[in-house]
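The values are calculated or read from the model by the stated rules, or taken from the named source; none is laboratory data. Being a predicted model, the structure only gives us computed values, none of them experimental. Every residue, glycine among them, receives a Cβ derived from its backbone with ideal geometry; neighbour counts consider all protein chains shown. What goes into the accessible areas is simple: the full protein's heavy atoms, side chains included, and nothing from ligands, DNA or RNA. Shrake-Rupley method; radii C 1.70, N 1.55, O 1.52, S 1.80 Å.
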Amino acid sequence: PGVESSPTLEAGGQPTKDSSHTFENEDDEEEEAAVLGVKSAKSPEEDAKNNEIRAALKKKQKEAKPTKFAKELDDITIMEAVHYDPSPKAKRQTYQSTSFTETKSTSMMKKLTMEGYVDLNKQILTRVYPSGARVDSSNYNPMTHWEAGCQLVALNWQSSSGYPLRLNKFRFMENGNCGFVRKPVGYRKVPESQIVPRKVPMGLKISVISGFQLPKPNREVGGEIVDPYVIAYLEGPGITPEGGDKNKLTTHTIDDNGFHPIWVSPTSPPSSPAPFTTLSIATDRLSMESTWDLSMLVIQVYDKDPASFDDFLGEVMVPLRFLRQGIRYVPLYDEHTKLIEGAFILCKIEFVD
């Protein structure tokens, strides 16, 4: 006859969700009872003991939580998330990482000062991620948090055309798109005896000479001929090109010529800017070497449109430590950071000591 029983155990010794079932015969019941440590009651005392065992098993089943991660993934994970502990006595392991929202990270810069935040990030791993208030999946400028020494600066990837995400993509091109770039020496905990000083420029002079096969807006095939002009500026620690044209090059506009516009030549109009524009790096926060290594040269091409906003045609962002002096061929990329085949800018670059 069917009788009530305790929950069965799955492989590994854990009870199943089904808390009761009926047995087809007494042999099955005895076998199940033996697994659970429950014996057939011969007296009220044994029956009470069996009930205690059943209650303990049900409690254990209720408290057991399902595994929320894959063991195979856990076996190859090398970082552990931990809360930030400002105590000087706090002990951390090298594989532990603390996550901050962009707002919290910015407040840390103010609370500790930028230099203090850089020193903190020499000791710990810090991950920064976009604020939940960015419901439109926009992004913050990652340069601000790279400047603070943050190791993992996460961005929203829902839109591939925003400037912050493009800046991030160009930054990691320098290491073959593998996802890792070594921080400049000033951002790492390196003994002074192991640091080899090197002289870096104070800035650079850039002159845009000409362009070749510039695309039309959105890489369209038809439409009007473009009226291109070029802007160039530095993106790096303490540099704010948005604040004005003091540290930015802007060429004059060439009408109806996207095939081979020439900005600097013996026939350039007298009203055009000087052949060279000097772009200076900031030196008030970090060493010259670290500032130079973290900064990037941004070159962008636009189509002048008197009736509306100027259209973006292409750009490139180059880490300063990979620049070379002389006349240089600069390939262009679209707003999704895809190479535009055949399109490039010819520039002349000189370093300022």
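Quick notes
- Entirely in the stretch 1-111, the helices (runs of 4 or more DSSP H) that have 1 or more residues that are modelled with pLDDT of 50 or more, among the hydrophobic types (A, V, I, L, M, F, W, C) and surrounded by 13 or more Cβ atoms within 10 Å (Cβ to Cβ): 26-36, 44-63
- Looking across 276, 259, one residue alone is open to solvent by 20 Å² or more (accessible area, probe 1.4 Å), of a type in the set (Phe, Trp, Tyr) and modelled with pLDDT under 85. It is 276.
- Beta carbons closer than 7 Å, at least 6 apart along the sequence or on distinct chains, pair a first residue in the stretch 254-268 that is over 11 Å from residue 226 (Cα atoms) with a second that is at pLDDT below 85 and of a type outside the set (S, T, N, Q) for 264/275.
- Close pairs (8 angstrom Cβ cut-off, 6 or more residues apart or separate chains): of a type in the set (Lys, Arg) in the stretch 78-102, modelled with pLDDT of 85 or more anywhere: 92/82; 92/85; 92/123; 92/124
- Residue in the stretch 165-192 that is surrounded by the fewest Cβ atoms within 10 Å (Cβ to Cβ), counting only those that are in a loop (DSSP other than H, G, I, E, B) and of a type in the set (A, V, I, L, M): 190
- Those residues of the stretch 198-227 which are within 29 Å of the chain's Cα centre (by Cα), modelled with pLDDT under 85 and open to solvent by 30 Å² or more (accessible area, probe 1.4 Å), in sequence order: 198, 202
- The residue that is nearest to the chain's Cα centre (by Cα), counting only those in the stretch 287-309 that are open to solvent by 40 Å² or more (accessible area, probe 1.4 Å) and at pLDDT 95 or above, is 302.
- Among the criteria (1) farther than 15 Å from residue 206 by Cβ; (2) open to solvent by 60 Å² or more (accessible area, probe 1.4 Å), the one residue 348 does not fulfil is (1).
- Members of the stretch 314-327 found to be in contact with a strand residue (DSSP E or B) (Cβ under 8 Å, 6 or more places away or on another chain), in contact (Cβ under 8 Å) with a residue 60 or more places away in the chain and more than 17 Å from residue 162 (Cβ to Cβ), listed by number: 318, 319, 320, 323, 327
- Residue 311 vs. criteria touching a helix residue (DSSP H, G or I) at 6+ places or on another chain (Cβ under 6 Å), in contact (Cβ under 8 Å) with a residue 24 or more places away in the chain and over 30 Å from residue 118 (Cα atoms): yes
- First in the stretch 124-149 and among the basic types (Lys, Arg), second anywhere and in a loop (DSSP other than H, G, I, E, B) and open to solvent by 40 Å² or more (accessible area, probe 1.4 Å), Cβ under 8 Å, 6 or more apart: 127/151
- Subset of the stretch 112-136 that is part of a helix (DSSP H, G or I) and open to solvent by 20 Å² or more (accessible area, probe 1.4 Å) - its residue that is nearest to residue 81 (Cα to Cα): 120
- Residue-level analysis places residue 162 outside the set of residues that are surrounded by 14 or more Cβ atoms within 10 Å (Cβ to Cβ), among the small types (Gly, Ala, Ser) and under 22 Å from residue 119 (Cβ atoms).
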